[in-house]
Amino acid sequence: MTLRLLPETTVNRIAAGEVVERPASVVKELVENATDAGARRIEISLADSGRNSIVVTDDGSGMSADELSLAVERHATSKLPDDDLLQIDSLGFRGEALPSIGSVARLLIASRQPGADAAWELLVEGGRKGQVKPSSLARGTRIEVRDLFFATPARLKFLKGDRTETGHTLDVIRRLAMARPDIAFSVSDERGKRLRLEEADGDLLDVRLRRLADVMGRDFADNALVIDAERDGIRLTGYAGLPTLNQAYSRSQYLFVNGRPVRDPLLTGAVRGAYQDLLARNRHPMVALYLEIPPREVDVNVHPMKTEVRFRDAGQVRGLIVGALRHALAGAGHRASTTVAAQTLGAFRPGTGMPLLSQTGRGYRPSGGSGNAALSDYYAPLSGMETPSARVETGGEGGHLAEAQGPYSAAEQDADESYPLGAARAQLHETYIVAQTSNGIVIVDQHAAHERLVLERMKASMARGEVKRQGLLLPEVVEMEEAACERVMARVDEFAELGLTLEAFGPGAVVVREVPALLGTTDVVGLVRDLADDLADLGEGLTLKERLEEVCGTMACHGSVRAGRRLNAQEMDALLRQMEQTPNSGQCNHGRPTYVELRLEDIERLFGRR
Ligand SMILES: Nc1ncnc2c1ncn2[C@@H]1O[C@H](COP(=O)(O)OP(=O)(O)O)[C@@H](O)[C@H]1O
Ligand SMILES: [Mg+2]
């Protein structure tokens, strides 16, 4: 074999193999170039989802005839003025996109600089470069890519169906558009306009939120918390969805580093860590986060498509993200997303108009229930707080149904405004608390709500390092598989810190001597088994602290007022007041809402009163 340098076209095709994977990657490179050229308006049009042709038009700075000729050469770039790879403030810098695309497709570039007398064009077909010729174009740059992969047909076979390819392309544009709300984007194909995002002026954060609403949906914009944190010269801004606005996939988590959309597993991990005790493991929140970091702290040159970055101190970035998200989430208090109420209202169906009695054959009778255990131990008295419905007497045979009290007095109404969750009016099915607020009703899931309260208290006492434990009169022996016992025993110190004292008891059992006092009387065996399952699931992905909190979540679930427990009016109000004062109380540990709020206005609409 002869050792030789490869011809240029072959070199470019090899580069294209990395950079140009599918129509979406062509669109990405061209739109990035338009953005770097200072465009305010970028139009993309696709034929046959980009296989047949991709046209990208911009109103940016354009190129002179000489620049045009140079732009399609390998390693030609205008973006590294002093060859400093550590100081990159443009999306491009590799000088590879145009020659790569030109080597595998037919690339026609027309361009005109502002104030120039003429426009110029240049065609590159399968790596063969033509002559720069006069062209007609009012301003900016128009790039047309036809017959993608005609020169490397093997690549065509890897393309997926139209829907998938167009989906990839739209995804690329959405990401770039989220980073640059000051640029208008439009995408069209044979079916018409596929995406249209108008540019907006004004304060960056407002403009950004509007763009996010257009891209991620109104629900996100309405139910997102503002993120703004800074540490050691690194700044994080953006929006994080309330936990109750969760999804089955983590696709809607976006990270931008110095204006560049990136896919970084660090984000997924950090988001998981931050929401970890607010969501079930198979549910994911929506976030859009913008990191501004000194260029020297991040290497953007690690991936040919520039979609990944490497942080000099990944732990620091992760810490900033987790901290900022948690801070915002804790500040959200009991807020649950408005989508919950909308979903609830959507689920209501108007009655048939038939008398209810003839439908059911009998009137409503409260069902008999379990014993009325005193819950005052659970709800520590709130100092100096008279709950607004303290006057509400319990009524009905079971003593658990707080009867409706007639119209609100003025005094109650005042009280109400300062108590967003209102005054408890009734407990239904021994599971739901119905409360009246100044402008609507609130339905609380008592188990979910109490679980959250217990968890937040455990976390607080853990943070203060003063976890109260309670000895068991009879130590409880829990039998489990040997592996499960080992997992639990390996964490015995962490459990002790949480108030759960365990000892090994032969190969297939552990003995429990103390449990966290907050849990009250609890099913100790079930608790330890669940914890063993947790440990098996969690693995090493989470930090120690996050793991402890996950474990707290499981414990809290065990220590909570189960559904099916009767509560009296005072207990119900105490629960509502505590929810108002507890961080994250809008959702249980699994991301389900703890309460639903229906505004009077919406209820009136249900009955056709509006
Ligand atoms: N739409 C455009 N408007 C103005 N100049 C452009 C445009 N697209 C490409 N160029 C010029 O062509 C050069 C090469 O582009 P490219 O191959 O994508 O490499 P890079 O973007 O890494 O510099 C750019 O540096 C820029 O000077
Ligand atoms: Mg480029």
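Taking a sphere under 11 Å around the Cβ of Pro243 and counting the other residues whose Cβ falls inside, with K and R at +1 and D and E at -1, yields a net charge of +3.
So which of Lys79/Lys160; Lys129/Lys193; Lys133/Lys157; Lys79/Lys157; Lys133/Lys160; Lys79/Lys129 end up more than 31 Å apart by C-alpha?
Violating the 31 Å Cα-Cα cut-off are Lys79/Lys160; Lys129/Lys193; Lys133/Lys157; Lys79/Lys157; Lys133/Lys160.
Annotation: lysines with alpha-carbon distance below 18 angstrom to Lys459 (same-chain offsets under eight excluded): Lys468, Lys545. Expressed as a whole percent, the proportion of Cα-Cα pairs in the range 53-130 lying more than 22 Å apart is 27%.
Rounded is the label for the range 72-208, because a/c, from the alpha-carbon gyration tensor with a ≥ b ≥ c as root eigenvalues, stays below 1.5.
Not counting ligands, DNA or RNA, and with a 1.4 Å probe, what is Lys129's accessible surface area in Å² rounded to the nearest 10? About 80 Å², rounded to the nearest 10.
The listed residues Cys557, Cys588, once ranked by accessible area (1.4 Å probe) with the largest placed first, stand as Cys557, Cys588. Taking only C-alpha pairs under 8 Å that are 6+ residues apart, what is the relative contact order of the range 247-295 in percent? Rounded, it is 58 percent for the range 247-295.
What net charge is computed for the residues neighbouring Ala105, neighbours being all others with C-beta under 15 Å from the C-beta of Ala105, Lys and Arg scored +1, Asp and Glu -1? After counting each charged neighbour, the total is +1. Remark: spin-label model distance Leu6-Asn282 equals 4.5 nm, labels positioned 7 Å along the Cα→Cβ axis.
Amide H contacts under 5 Å for Gln470: Val515, Ala517, restricted to partners 5 or more places along the chain or on a different chain, H placed in the peptide plane at 1.01 Å from N. Relative contact order of the range 119-264, taken over Cα pairs closer than 8 Å and 6 or more residues apart, is 13 percent.
The values are calculated or read from the model by the stated rules, or taken from the named source; none is laboratory data. Being a predicted model, the structure only gives us computed values, none of them experimental. Cβ sites come from the backbone with ideal geometry, for glycine too, and all protein chains shown count toward neighbours. These accessible areas exclude ligands, DNA and RNA; they are computed on the full protein's heavy atoms, side chains included. Shrake-Rupley method; radii C 1.70, N 1.55, O 1.52, S 1.80 Å.
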